[in-house]
1. Starting from the exponent 0.38 and prefactor 2.2 Å, build the expected Rg for the range 243-330 from its residue count and divide its actual Cα Rg by it.
2. Using Cα centres only, tell me the gap between the range 383-431 and the range 181-238 in whole Å.
3. Across the range 93-146, what fraction of all alpha-carbon pairs, as a whole percent, falls in each successive 10 Å bin from zero upward?
4. Could you let me know the centre-to-centre spacing of the range 279-300 and the range 41-68, using Cα atoms, in angstrom?
5. Take Lys429 and Thr73, extend 7 Å from each Cα along the Cα→Cβ direction, and tell me the distance between the two endpoints in nm.
6. Please arrange Lys58, Lys418 by how many other C-beta atoms lie within 10 Å of their C-beta, fewest to most.
7. Three principal axis extents, largest first, for the C-alpha atoms of the range 167-259, in Å?
8. In what order do His181, His300, His225 fall by count of nearby beta-carbon atoms within 10 Å, going from fewest to most?
Amino acid sequence: MRRFFLLLTAVLLCLNLNSSAKAAVKIPSEIRVGILLKVSTVDFQIPKGGKLVSAAGKILWDAVGAAKTLRLTAKNGTVSTPNGNLSDCFTVTSGADNSGIIWVNGRQYRGKILLRSAGKVMNVINVLDLEQYLRGVLPKEVHPDWPLESLKAQAVAARSYTLANLNKHAGAKFDLCAGTHCQVYGGKSAEHSRTNKAVEETAGTVATYNGMAIAALYHASSGGHTECSSNVWDWDVPYLRGVADLDPSPHSYWYKVMSASEMEEAFRRNGYPLGRITQIIPSKTGTSGRIASCMLIGEHGQVELTGEKVRTVLSLRSTFFTIEWEQTPPSRGPLAIPTGMEDLASALSASASSSASAAAASTSQLSPAQPPIGIWAPGYQPSQWVIRGRGWGHGVGMSQWGAMAMAERGHTFDEILKYYYQGITIESKNR
Ligand SMILES: [Zn+2]
């Protein structure tokens, strides 16, 4: 099986072996994670030995004898304690060495908690050691019962992604948020012994390219092939190239059915009032076959959108899809021909008429003879769009289900990482 993957690597597209001067990866002493954003109140419990300290350094609560529970409220551009003490930012510590556990809205967190004013609301920020942070990330991003080597690959990927994205939310004075925008993080409450073990066994291990921590993007399921970053975003990264992939996931194939009116409404709601959609034509596809960009033609105009935009508008699992329709005979007369589309409509008329007739005479089942992508039959309307797709996620970087499949076949975490992130180095970093 290893030869199989080496062969797949050999057919890698878009390989770039660019090299340049090396820079050192630095492991910061603390990571700042935005766990609750723009909230008005927060309930938390200071553990025994913990403190509540104002921005001026004044100790307002000192839980010497026992844990204390209290509620802080955002008020008039500051944060307020129950007895009216105000500060732009309160710090909650969890003991002399921050080894205790702080409860925030019923969830446990390691390290410190900052309650920072943000106008009329506040942001709650967890400040903690990188390795402790990763313990709260892994179980939210991967199945804890998967093979250990795939969990270790995920640990190194998450560690590298974190280091490459420090200060991502610099405007709000923290590094990463706790949602899918950055990495999902559930604090100590989310931890699991197997994912903790994966973090511990790879402690300080980072994937690098040209000496820099890589932006180790990952996704749930590739549908059989990952994608070059440049085909998903306007971002060409030498180590984020499309590779063939095993996908044993339940998401490897999926489909979705939308009525013509649902399709029209989805685009109208997102700022594209095209009227009844008559054609959806991929204008660019990636190395995997994912739709990089797509032309939409409707009764009232046309627009070209990225595959990711279409995915968002239609709430699809991936951009790795084909789209077809069933057609029905006109009930309100022929569709208006969009301005500028008269020639195309005329040219398509002859080729589409046979499939349109077949569709009109058919049952509700799709006919295999129908064109795979929208060929508009004048006089007929699409009544139901059928979208058949593969995989779940953007498809760039490591496929989590694919990593699991590699680990099941005996591959180590570094082999997995080097397969999905081409040309990288695995390094051990000490502070
Ligand atoms: Zn974020």
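Every number here is computed from the coordinates shown, using simple stated rules; none is lab data. Because the structure is a prediction, the values reported are computed rather than measured. Every residue, glycine as well, gets a Cβ built from its backbone with ideal geometry; the counts of neighbours run over all protein chains shown.
1. 1.15
2. 9
3. For the range 93-146, the binned pair fractions read 21, 45, 28, 6, 0 percent.
4. 56
5. Result for the modelled spin labels: 4.3 nm.
6. Starting with the residue having the fewest Cβ neighbours, the order is Lys58, Lys418.
7. 43, 33, 31
8. Arranged by neighbour count, lowest to highest, His181, His300, His225 become His181, His300, His225.
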